[in-house]
Amino acid sequence: TTAKAEFAALVNLPPGQKFTLVDYRENLPLPDLNVKIESLEGYALAHRPDIRQEHYQARISAEEIKKSMLRMLPGLEISVGSNYDSNKFLINSDWNQLGLRISWNIFNLFTAQDAIDTAKAQHELDNARRLSLSMAVLTQVHLAVRRFQVAKKIFIISRDLNQVEQSMLKQVFASQQAEMQNEMDVLRTRVSALLATMTKDISYAELQNAYGRILASIGVDPLPDTIESAEIDTIAEAIQSHQENWQEKLL
């Protein structure tokens, strides 16, 4: 009941509205990963937004070093103007002027070196932080791939186990009809088959979750670059197509 209410909230259904889900348990599509780990690493380093942010921050800190150096130079101001006066007693009623002013804050001589050292230290810190973040991202990619591989193996095992349990349940039902099986054995087999089905469904959810971790770890955008319209069906088809074809860019 709780899961149904949470799902209704996720898809923006009004509270209390009845809905049913299509049962795909007999033919569950398996997500697959056909891309080399090196390609995933390169894609993550190029598309993860947090790494991009660190690159921008490093560029900003490099510009701060230049600004600190430029503050040591004197300021130069050039002014050009054209003037006119309607006073008829003036010999010249219009004239042009050109001015040049140089200013220099002498206190910058004492603080400039400290500002430059601070900017350089910040730049080195940004570079170290970017490298650290890059290593963390690569670790996330490797862990996501390993978890996906393990989750897929677990699902295949639980799917095969469920098929065995369902076959045993059919045999038990057949034996019961032939009055060769007692009620306790039938109940035990039904519970075992139900647990096998539940284990298979949970392992499939874990498999999809592991696949989603891969997409999140490398920074894949769930939406394509362009969408034809804002209709729900169109957006759903665009997301599905993009999720199915994102690996083609890395092959």
Between Leu187, Leu45, Leu143, which gets the highest mean-square fluctuation from a Gaussian network model of the chain, Cα cutoff 10 Å? Leu187
Quick check: convex hull of the Cα atoms in the stretch 143-251, volume per residue, rounded to a whole Å³? 139
Average accessible surface area per residue within the stretch 27-77, 1.4 Å rolling probe, Å²: 67
What shape does the stretch 15-64 have by the C-alpha gyration tensor, where a ≥ b ≥ c are the square roots of the eigenvalues, rounded means a/c under 1.5, and otherwise prolate means a/b greater than b/c and oblate the rest? oblate
Karplus ³J(HN,Hα) for the stretch 70-85 (6.51 cos²θ - 1.76 cosθ + 1.60, θ = phi - 60°; Hz, whole; x = Gly/Pro) runs 5, 5, 6, 7, x, x, 10, 10, 10, 10, 10, x, 10, 10, 8, 9
Per residue, how large is the accessible surface of the stretch 199-251? Use a 1.4 angstrom probe and give square angstrom. 63
Counting pairs of alpha carbon atoms under 8 Å apart in space and at least six apart in sequence, what relative contact order in percent does the stretch 56-126 give? 44
Taking a probe of 1.4 Å and leaving out DNA, RNA and ligands, the stretch 129-173 shows per residue an accessible area in Å² of 64
Values of log10 I(q)/I(0), in the order q = 0.14, 0.17 Å⁻¹, for the chain under a Debye, Cα-only, solvent-free model: -1.12, -1.30
Quick one: compute the contact order of the stretch 12-142, relative version, from alpha carbon pairs under 8 angstrom and 6+ residues apart, as a percent. 32
Long pairs among Lys18/Lys152; Lys36/Lys249; Lys67/Lys120, criterion Cα-Cα beyond 23 Å: Lys18/Lys152
Considering every pair of different Cα atoms, what Kirkwood radius, in Å, is found for the stretch 211-251? 10.9
Over the stretch 171-251, relative contact order from alpha-carbon pairs under 8 Å, at least 6 apart, %: 16
A 1.4 Å probe over the protein heavy atoms gives the stretch 115-211 a carbon and sulfur accessible-area percentage of 61
Hey, in the GNM for the chain with a 10 angstrom Cα cutoff, which one of Asp221, Asp114, Asp201 fluctuates hardest? Asp114
Per the 1/(1 + (r/R0)^6) rule, R0 = 45 Å and r from the Cβ atoms of Leu215 and Lys67, FRET efficiency to 0.05 is 0.70
Each label point is 7 Å from the Cα along the Cα-to-Cβ direction; what then is the distance between the points at Glu231 and Asp50, in nm? 3.9
Please say if the stretch 1-99 is rounded, prolate or oblate, where rounded means a/c under 1.5 for a ≥ b ≥ c the square roots of the C-alpha gyration tensor eigenvalues, and otherwise the choice is prolate for a/b larger than b/c and oblate otherwise? prolate
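The values are calculated or read from the model by the stated rules, or taken from the named source; none is laboratory data. None of the values given here were measured: they were computed from a predicted structure. Please note: Cβ atoms are built from the backbone with ideal geometry, for glycine as well, and neighbour counts cover all protein chains shown. These area figures cover heavy atoms from the full protein model, side chains too; ligands, DNA and RNA do not enter into them. Shrake-Rupley method; radii C 1.70, N 1.55, O 1.52, S 1.80 Å.
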